[in-house]
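What follows is one structure encoded as structure tokens, with my remarks underneath.
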Amino acid sequence: MVSAAASAAMLAGLCPTPVRAQETPLTPNQARAHDIYKQLIEINTVDSVGSVTTAVDAMAARFRAAGFPAADVQILTPDGHPTKANLVVRYRGTGHDKKPLLLLAHLDVVAALRSDWSMDPFVLTEKDGYYYGRGSSDDKAMASIFVANLLRDKATGWKPDRDVILALTSDEESGDANGVEWLVANHKDLIDAAYAINEGGGGSIRNGKPFSNNVQAAEKVSVHFTVSTTNSGGHSSVPRRDNAIYELAHALLKLEHFQFPVELNEVSRAYLSQTGASDTSAAGAAMRAIVANPNNRAAAATLSADPRYNSMLRTTCVATRLAGGHAYNALPQTATANVNCRIVPTQDPQAVQATLARVIGDTGVKITPLFPLPKSRAAPSPLTPELMNAVTKITHDLFGSNVLVVPVMSTGATDGRFLRAAGIPTYGVSGILSNGDSHAHGRDERMWIKSYYDGQEFLYRLTHALAGGK
Ligand SMILES: [Zn+2]
């Protein structure tokens with residue numbers, strides 16, 4: 001997934017501004033997190049060439065060495081995928097009437113070529129106030145923080161009111177052994193929880209100061225549709241009016257001019273009303289108006305002009321790939337386009353497919369899902385007072401009472417979709433603030449050092465606030 005911080009900064013329309021470096025020496029808890037972070041970054045967990053299992057073994061060894069019972073440190077590997085292990089650790093609480101809290105992070109990273117980077121992507125490099133390395137922001141920061149915080153809890157003897165489960169998984173980015181999907185299907189009992197904390201939130205820094213801390217409580221569903229035409233073809237020296245490429249082009253032009261209706265949900269409404277409350281521009285006024293009346297066409301028009309806000313209002317579908325013809329001197333027999341839809345979580349993908357067919361209105365144009373449509377819907381997770389009050393209090397304590405806590409519906413996908421579809425509400429929240437310069441998935445991926453340790457403290461306090469105990 002595009003890192004939370006990056007999408008948060010993108011949503012806030014921020015440009016990178018230098019912020020003050022971490023000046024004070026690391027505390028023992030920070031030093032432990034740093035060591036785990038370095039260990040994880042320096043294990044290549046890229047789907048095609050690396051091994052998540054190596055990282056899982058390394059983290060399991062740390063938990064066992066800290067005295068976690070073997071039964072509470074489980075390594076679970078799908079058959080036929082020896083490099084795609086998943087680690088599930090249970091930190092036992094005292095109460096059994098409350099369902100556990102689940103902490104989730106993926107250990108795999110997207111590919112990184114040494115030749116593309118200005119340093120080795122699989123060595124943790126500290127430079128100019130940043131930690132550099134593949135996965136430094138997506139997603140080994142949260143993974144290492146969760147591990148370090150639970151080891152700290154073990155050392156201090158913390159007794160939460162409910163069990164805290166940590167799942168470190170494979171293939172979130174790519175590959176055919178997605179760990180969360182597999183755990184839900186094969187070991188749901190080991191990860192079942194009242195709710196989960198995951199990547200996908202993050203926060204933003206504006207003019208060197210903390211600006212917002214986001215809570216991702218919903219995500220749009222990414223679905224690819226293949227739109228194709230066929231034709232009998234022939235020699236291009238004798239062209240006819242019917243043509244596979246033209247027919248497809250006409251269909252795509254209709255899609256270009258079509259907009260799905262505004263469809264808000266609890267999370268996108270909260271995002272628009274909160275962002276609109278502090279935004280004095282025309283966009284801010286439109287946000288407040290559309291929350292009051294989703295059928296307000298003028299407000300919708302204003303917001304739709306900005307791609308960021310447009311993606312918050314509705315399902316979007318856009319052509320992303322095109323292919324056609326088989327020879328330069330032959331009339332094309334086939335033409336194909338890929339249309340990527342980002343579907344709001346309250347809308348049925350099959351209904352979206354039907355809408356595309358209606359808009360195109362040409363039975364000669366076939367529309368088929370590229371991959372099987374998601375079986376179950378990942379409904380937005382409720383913005384419960386228990387979670388939102390805890391996030392808000394800790395955000396204000398750590399970053400200042402003027403920092404916004406904004407629920408967001410992300411347009412990118414996380415493994416939260418599998419948990420939500422399995423009935424486990426999931427929240428992307430980390431307290432890791434950025435000004436949009438993490439370069440997640442890109443070259444020289446990095447994490448602002450101060451943001452990493454602020455995130456460690458934030459997640460430590462949040463886990464304690466949500467799991468209770470002392
Ligand atoms: Zn990620």
_Could you check the spin-label model distance between residue 24 and residue 64? Points 7 Å from the Cα along Cα→Cβ, value in nm._
3.7
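Would you mind checking the pairs 127/154; 127/450; 127/209; 38/450 and listing those with alpha carbons more than 23 angstrom apart?
Numbers: 127/154 32 Å; 127/450 13 Å; 127/209 21 Å; 38/450 16 Å.
The answer is 127/154.
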*Compute the distance in nm between two label points, each set 7 Å from the Cα along the Cα-to-Cβ direction, one at residue 97 and one at residue 322.*
6.4
*From Cα coordinates alone, what are the radius of gyration and Dmax values for the chain in angstrom?*
23.7, 83
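Please grab the % of Cα pairs in region 335-438 that end up more than 24 Å from each other.
In whole percent, the long-distance tail amounts to 45.
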_Accessible heavy-atom area order of 242, 171, 454, highest first, probe of 1.4 Å_ = 242, 454, 171
*Within region 441-470, whose backbone N sits under 20 Å from a point 7 Å along Cα→Cβ of residue 126?*
444-458
_Tell me the net charge near residue 428. Cut-off is 9 Å between Cβ atoms, residue 428 excluded, with +1 for each Lys or Arg and -1 for each Asp or Glu._
-2
*Describe numerically, in nm with one decimal, the distance between label points set 7 Å from Cα along Cα→Cβ at residue 396 and at residue 465.*
1.0
_Using a 10 angstrom Cβ neighbour count of at most 16 plus a DSSP loop assignment to flag exposed chymotrypsin sites (Phe, Trp or Tyr not before Pro), which longest range of the chain is free of such sites?_
1-257
*trypsin sites (Lys or Arg not before Pro) within region 274-345: which are DSSP loop residues with at most 12 other Cβ atoms inside 10 Å?*
none
*Partner aspartates and glutamates for residue 366 [C-alpha distance under 14 Å; skip if fewer than 8 residues away on the same chain]*: 247
*Förster-model FRET efficiency, 41 Å R0, residue 49 and residue 237, C-beta, rounded to 0.05*: 0.25
*Please list 250, 441, 96 in order of solvent-accessible area, largest first, computed with a 1.4 Å probe with all protein chains present.*
96, 250, 441
*Identify all lysines with a Cα-Cα distance to residue 188 below 23 Å; exclude those on the same chain that are fewer than 8 residues away in sequence.*
84, 98, 99, 375
*Once phi is turned into θ = phi - 60°, what whole-Hz ³J(HN,Hα) does the Karplus curve with 6.51, -1.76 and 1.60 give for every residue of region 120-136, x standing for Gly and Pro?*
5, x, 10, 10, 6, 10, 9, 8, 6, x, 10, 9, 10, x, 5, x, 4
_I'd like the GluC sites (Glu not before Pro) in region 204-291 restricted to DSSP loop residues with at most 15 other Cβ atoms within 10 Å, sorted by number._
263
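The values are calculated or read from the model by the stated rules, or taken from the named source; none is laboratory data. Computed from a predicted model, the values in this text were never measured in an experiment. Ideal geometry is used to build each Cβ from the backbone, glycine not excepted, and the neighbour counts take in all protein chains shown. These accessible areas exclude ligands, DNA and RNA; they are computed on the full protein's heavy atoms, side chains included. Shrake-Rupley method; radii C 1.70, N 1.55, O 1.52, S 1.80 Å.
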